[in-house]
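Report on the structure given below.
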Amino acid sequence: MNDSPALLQPAVFFDRDGVVNVSPGEGYVLKPEDFHLSPGIIKALAICHQRGFKLILVTSQQGVGKGLMNQPTLDAIHVAMQEALAPADACFDGIYSCTHLSGTCSCRKPSPEMILQAQREHGIDLTRSWLVGDHDRDIQMAVNAGVPKTIRILSHHEPGITATHTLDSTEGLTALLAEVL
Ligand SMILES: [Mg+2]
Ligand SMILES: [Zn+2]
């Protein structure tokens with residue numbers, strides 16, 4: 001990795017459930033067939049690449065820690081996701097998952113750890129980066145990592161922390177990203 005500031009690239013960090021794919025509610029997506037991309041998300045991801053931003057997925061998948069699914073199943077869900085995104089050049093450049101039980105690790109949101117690991121591994125300029133999430137923990141993770149701009153997709157999670165921008169659904173995401181990136 002080259003740390004020269006001129007070669008660092010900004011990123012858009014995406015939460016998964018409720019942003020990239022339709023929220024499973026209080027439960028988990030436990031198999032690839034139950035993973036459904038959100039309306040308009042492929043174009044939204046593609047425009048990030050078009051504007052020179054890396055795409056990084058940061059997701060909490062405690063269902064693995066709880067024994068509801070295993071790591072190979074989670075990996076299979078992500079392989080299928082990447083295959084669906086590939087034709088539009090909308091694949092994630094990095095995927096970071098916290099699969100641990102609450103209170104048993106240091107990477108669970110709102111810890112900045114997954115973002116900071118991606119920053120090291122992908123040469124990301126956090127000061128020019130964005131995060132898109134649907135939960136206070138996502139927005140707080142961005143704040144904790146020094147990612148200055150955030151977009152909240154409203155969901156069943158009650159908003160407590162104010163994001164830079166708020167959208168009713170992912171359908172407006174492409175237009176907003178086209179304006180701000
Ligand atoms: Mg979410
Ligand atoms: Zn963790």
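Each reported figure results from applying straightforward, stated rules to the coordinates on display, with no laboratory input. Because the structure is a prediction, the values reported are computed rather than measured. Using ideal geometry, Cβ is built from the backbone for each residue, glycine included, and neighbour counts are taken over all protein chains shown.
Checked against the criterion of being touching a His at 6+ places or on another chain (Cβ under 8 Å) and in contact (Cβ under 8 Å) with a residue 24 or more places away in the chain, the candidates 180, 147 yield just one match: 180. Look at (1) surrounded by fewer than 16 Cβ atoms within 10 Å (Cβ to Cβ); (2) touching a Cys at 6+ places or on another chain (Cβ under 8 Å) and you find that residue 113 fails only one, number (1). Of everything in the range 41-71 that is assigned to a loop (DSSP other than H, G, I, E, B) and among the hydrophobic types (A, V, I, L, M, F, W, C), the residue that is surrounded by the fewest Cβ atoms within 10 Å (Cβ to Cβ) is 68. Would you mind stating whether residue 151 is under 15 Å from the mean Cα position of the chain (by Cα), among the aliphatic types (A, V, I, L, M), more than 16 Å from ligand 2 (Cβ to nearest atom) and not in a strand (DSSP E or B)? Criteria not met by residue 151. When we screen 128, 137, 120, 108 for residues that are exposed (fewer than 15 other Cβ atoms within 10 Å of the Cβ) and touching a residue at least 40 places away in the same chain (Cβ under 8 Å), the only hit is 120.
When the range 35-69 is filtered for residues that are free of Cβ contacts under 8 Å to residues at least 40 places away in the same chain and away from ligand 1 (no atom under 15 Å from the Cβ), the ones remaining, listed by number, are 50, 64, 65, 66, 67.
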